[in-house]
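Below is one structure, written out as structure tokens; comments come after it.
The values are calculated or read from the model by the stated rules, or taken from the named source; none is laboratory data. Quick caveat: nothing in here was measured; it's all calculated off a predicted structure. Don't worry about glycine lacking a Cβ; one is built from the backbone with ideal geometry, like all the others, and counts go over all protein chains shown. Note: accessible area is taken over every heavy atom of the protein model, side chains too, but ligands, DNA and RNA are not part of it. Shrake-Rupley method; radii C 1.70, N 1.55, O 1.52, S 1.80 Å.
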Amino acid sequence: MRYLPLTEVERRDMLAVIGVPTVDALFRDVPKAAWCSEPFDLPPHQGELQVERALAKLAAQNVPAGSVPSFLGAGVYRHHVPATVDHIIQRGEFMTSYTPYQPEVTQGTLQYLFEFQTQVALITGMDVANASMYDGASATAEAVMMANRVTRRARAVISGGLHPHYRETTATHAHFAGFTVEQFAPNPSADEDLAASIDDKTSCVVVQNPDFFGKVRDYSALAAAAHAKGALLVVVVNEIVSLGAVIPPGEMGADIVAAEGQSIGNPLTFGGPHVGLFATRDKYVRQMPGRLVGQTVDADGRRGWVLTLSTREQHIRREKATSNICTNAGLCALAFTIHMSLLGETGFVGLAELNHAHASILADKLAAVPGVKLLNDGFFNEFTLALPKPAAGVVEALVAKGVLAGVPVSRLYPDRPELANLLLVAATEINTEADMDEFAAKLQEVL
Amino acid sequence: MNEWSKAISNFTTDGLGVSGTYSGHRGLQIEEPLLFERDSEGRCGVDLPEPPKARNRLGANARKGRIGLPGISEPEIVRHFTRLSQKNYAIDTGLYPLGSCTMKHNPRLNEKMARLPGFADIHPLQPVSTVQGALAVIDQLAHWLKVLTGMPAVAMSPAAGAHGELCGMMAIRAAHDAKGETRNKVLVAESAHGTNPATAAACGFTVEAVPANARGRVDLAAMKAQLGPDVAAVMLTNPNTCGLFETEIREIADAVHAAGAYFYCDGANFNAIVGRVRPADLGVDVMHINLHKTFSTPHGGGGPGAGPVVLAAALAPFAPLPWVVHGRNGFEVLEKAEGDAAQAFGRLKGFHGQMGMFVRALAYMMSHGADGLRQVASDAVLNANYILASLKDDMSAPFEGPCMHEALFDDRFLKDTGVTTLDMAKALIDEGFHPMTMYFPLVVHGALLIEPTETESKATLDRFIGVLKALAAEAKEGKVEKFRAAPTLTPRRRLDETGAARQPVLRWRRPEEPARDAAE
Ligand SMILES: Cc1ncc(COP(=O)(O)O)c(C=O)c1O
């Protein structure tokens, strides 16, 4: 076996040092009834070539988004990732290291995480960010639980514009941890009166910007309404590139930002692994979940980095910890950091402008197709169309014509017939004008 | 002057400062500023086209101010991150015997497979007809996990071990609820990883510790006395965090079941028994598997991981969404609590789980096969016992061997030397090795937990053992100063963690703008 360095002779020598006749003797604490002396009914080992062939065959059964015009979003976006990103994250010094528990030999990881935290704080307009969460959905649930701790209240008001998976994840935590969520119904056309639901039991209001249907809003007034009642405003961002073009949550008065960072540096990968972003105000930092990297000095007075404020965390605080998270999304955070540093101010803003322009052009083209209605006019790179018939069937028909047309809202809200004709469509810098024309033409054919 | 250049000039003001050179660099030890400290105006690491003419639809919601991101060119960025990487220790650079973490070799084949466009470039909400191969990967990996554990079901979506714990404990709560039983207490082994009690608390349970006995195992009699109609589950790790197999595990499982509770097993240490022992045969009801440990998906500097959870039949109906199932036209994804998944307890993250990690883990399993995985466990246990046997007279082992995949020592051998566990760990760094896990588990004093894994050669282990023998001898000879000063050969010496926590600096901030002319 190519990954195992021990030879038979070495194994024998080592057993002699230990003083047992066989390796099996080392397993003497295993109850006899549970000891399996034969290999399981699974295939035997294979060489690299054979494994490669078998997996390539499975990969070939999928339609890569890049092989056809593709317009899917709904929380995961296809962007161009510079070649530098994937090259650097595969450096063994990063990829095969672990959580930087020993700071003297992990200054590389610690410094990029400090840079990541800074980038996340800057783009969200918040004071501080942590070193990552699993993904946007789990970060959102953690944000609500943090708001519960900060306010010592246990009722969250959730916008109908929050991504349905984020809603479900938060509701699942609520059910088990014992807090309440008041969920507004998803409604792409009307504005919801969240402020009216805030009372002195409300820990937070959770909104998404742009929302699940693509609509962009200014939540400053809602922030003020929440603060007036002692509640926090949690702003969720699905499409982090939007922050290059849209007022950041920090400027609107958000107290916590929970976001999905996939768009920067990370491929689609069927939805994971991605990277959760989590940012807040300085005054709440001790209630934050997750790892934090801080600046300090070494024994010679030189600047360096360490994991800090770990008295919030499970390995110190156990059942009183702010979260149970341990392993997070380190390498995806590195991909984010590298891509963001390549973009810089000009590139990040430019990328956002490009996305917005493409989506705006696509919206005009699609809205011109007879029977198609554009539902939201204020959007960033994703919008909702009302079709004259159920969107799921239209999407299937377009797959047959070689276009991945978008996400039918019914995929995520199967039991809401009123949403069945809605199609979520996203455009990024990747989509060409030719792709868009093809989409519009074929949409017209199938309607 | 920015902080970095100030720091460098501090080194050099009194002739050759701390670093001993004029540049601040020392050979291959490079002083690397923060991204934000590079002068940035006018540079960019990407070339984007001008946006085409289009109607702007942001209106008043458009961002107005600058973000403050530095502009840097690509060559500078490549150099920045490459230099940072060189300040890291990693499996690729040497033995990484971090107990409980299973830092084994990460095959590059797995990376290559995960990057095939058919896996990396598919959207989670594409029509299922266009992702049948991806669903087949999930299904095949699930099959391997079920056979290896003997369990009938597996929940694939959790993103790491702790997330898997959450999944398992929620399934347990849902199962009790379905029976109409209210059980609010969870018993957690005293030696458990911190995520165990934190998870139980996050699921709304109160936590009670189960003590360890003098043999480093769960105190069965004490646990039995703690069991009662209010106990929902017992959370144990097996092999446990002392690196020992729980000899009475079947009696433990029987007692837990007799009390109407479920047995959660933390599967972080599955590497010791993979291919040799099936957790189902031990009476386990639910267990997470850290794919980033046993199945070698890279640790990535702290993730991403994946934590699938195998479930006994009684808990399987409660597994969270989504479920990948065999349907009439190939694989289907159940994303709603209805039909077979009617009792699913909810959802833990977006989409379908850590697909990128699934591909890597499956490539790893296929490479090893049923035969190779048995050898993995054997060699992992052999390597750990070789360390235990070689060092037990120089260091102090709190418990009788044989151990499983990791060897635990305590700090009795350092008694009266003035040298601590921390000092030993830091001295090990100067000898070119990553330290072992320190001060965990909490059940022994000054723990040093060494997990070599199966991918280390005997020659490496011999060097490591030689170093630890020498260090133990030096500690006993009273060379305290050397230990207190260590490490001295790293890019940074010991860092002030207390200071970092007292006045947290968690991000870079632009140095104060020079004061504006007051007369203006
Ligand atoms: C025994 C044990 N349990 C649980 C965990 C948590 O796993 P993860 O870091 O993947 O969340 C760890 C990881 O370090 C562990 O060692």
Practice task
List, largest first, the extents of the alpha carbons of segment A:248-386 along their principal axes, each in whole Å.
Solution key: 68, 35, 33
Exercise for the section: With N denoting the number of residues in chain B, provide Rg(C-alpha) divided by 2.2 N^0.38 Å, to two decimal places. Expected result: 1.12
Fill in the blank from the handout: Inter-part gap, Cα centre of segment A:388-447 to Cα centre of segment A:210-265, in whole angstrom, is 27 Å
Completion exercise
To the nearest 10 degrees, the tilt of helix A:136-151 (Cα long axis) against the first principal axis of the alpha carbons of chain A is 90 degrees
Handout entry: chain A - percent relative contact order, Cα under 8 Å, separation 6 or more
Key = 20 percent
Exercise for the section: Would you kindly compute the Cα radius of gyration of segment B:375-499 and its largest Cα-Cα separation (Dmax), both in Å? Expected result: 14.4, 46
Practice task
Of the listed pairs A:K320/B:K224; A:K365/B:K112; B:K87/B:K112, which have alpha-carbon separations greater than 28 Å here?
Solution key: A:K365/B:K112
Completion exercise
Over chain A, the sum of -39500 (n - 2.57) across DSSP H runs of at least four, divided by residue number and rounded to 500 deg cm²/dmol, gives at 222 nm -11500 deg cm²/dmol
Practice task
For A:E38 and A:T311, calculate 0.36 nm times their separation in residues minus their Cα-Cα distance, and state this gained length in nm to one decimal.
Solution key: 93.6 nm
Exercise for the section: Quick one: which residues, 5 or more positions from B:L311 or on another chain, have an amide H under 5 Å from its amide H? H modelled 1.01 Å from N in the peptide plane, none for Pro or chain starts. Expected result: B:A153, B:V154, B:A155
Problem - segment A:116-216: equivalent-ellipsoid semi-axes (sqrt of 5 x gyration tensor eigenvalues, Cα, Å) - result: 21, 18, 14
Completion exercise
Inter-chain shielding metric for B:100-106, i.e. average beta-carbon neighbours from other chains within 10 angstrom, reads 3
Fill in the blank from the handout: Computed on Cα atoms, the radius of gyration and Dmax of segment B:211-269 in angstrom are 10.9, 31
Fill in the blank from the handout: Rh (Kirkwood, all Cα-Cα pairs) for segment B:195-297, Å, reads 14.1 Å
Practice task
Evaluate peptide A:81-93: per residue, the Cβ atoms of other protein chains within 10 Å of its Cβ; return the mean as an integer.
Solution key: 5
Practice task
Within 10 Å of each Cβ in peptide A:17-24, how many partner chain Cβ atoms are there on average? Round it to a whole number, please.
Solution key: 5
Practice task
Averaging over all projection directions, find the projected area of the Cα convex hull of segment A:1-109 and quote it in nm² with one decimal place.
Solution key: 14.2 nm²
Problem - segment A:130-196 and segment B:314-348: distance between their alpha carbon centers, rounded to Å - result: 23 Å
Handout entry: Peptides A:29-37, B:113-121, B:156-164 ordered by average Cβ neighbours within 10 Å, highest first
Key = B:156-164, B:113-121, A:29-37
Practice task
May I have the pair-distance distribution P(r) for the protein assembly as shown, computed from all Cα-Cα distances with 20 Å bins from 0 and rounded to whole percent?
Solution key: 14, 47, 33, 6, 0
Handout entry: Per-q log10 I(q)/I(0), segment B:281-401, q = 0.16 Å⁻¹ (Debye; single scatterer per alpha-carbon; no solvent)
Key = -1.01
Exercise for the section: Express the carbon and sulfur contribution to the solvent-accessible surface of the protein assembly as shown as a percent, rounded to the nearest whole number, probe 1.4 angstrom. Expected result: 52 percent
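Just to confirm, what accessible area per residue do you get for chain B at 1.4 Å probe, in whole Å²?
On a per-residue basis, chain B sits at 34 Å².
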Practice task
Starting from the exponent 0.38 and prefactor 2.2 Å, build the expected Rg for segment B:109-364 from its residue count and divide its actual Cα Rg by it.
Solution key: 0.99
Exercise for the section: Wrap a convex hull around the Cα atoms of segment A:83-340, take a quarter of its surface area, and give that in square nanometres. Expected result: 13.9 nm²
Practice task
Arrange the peptides A:397-408, A:117-128 so that the one whose residues have, on average, the most other Cβ atoms within 10 Å appears first.
Solution key: A:117-128, A:397-408
Handout entry: Relative contact order (%) - criterion: Cα under 8 Å, at least six apart; region: chain B
Key = 17 percent
Handout entry: Longest to shortest principal axis, alpha-carbon extents of chain A, angstrom
Key = 81, 53, 48
Practice task
Compute the Rg to Rh ratio over segment A:170-315 from the alpha carbon atoms, using the Kirkwood formula for Rh, and round to two decimal places.
Solution key: 1.01
Exercise for the section: Quote the relative contact order of segment A:310-447 in percent (integer), defining contacts as alpha-carbon pairs under 8 Å separated by 6+ residues. Expected result: 21 percent
Exercise for the section: Give the interface area between chains A and B as buried accessible surface, both sides summed, probe 1.4 Å, in Å² to the nearest 100. Expected result: 17200 Å²
Completion exercise
Looks like segment A:56-139, by Cα gyration tensor root eigenvalues a ≥ b ≥ c and the a/c under 1.5 rounded cutoff (else prolate when a/b is bigger than b/c, oblate otherwise), is oblate
Problem - segment A:345-446: Cα Rg divided by the 2.2 N^0.38 Å rule of thumb - result: 1.07
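Classify segment B:270-310 as rounded, prolate or oblate from the Cα gyration tensor: take a ≥ b ≥ c as the square roots of its eigenvalues, call it rounded if a/c is under 1.5, otherwise prolate when a/b beats b/c and oblate if not.
In terms of gyration-tensor shape, oblate.
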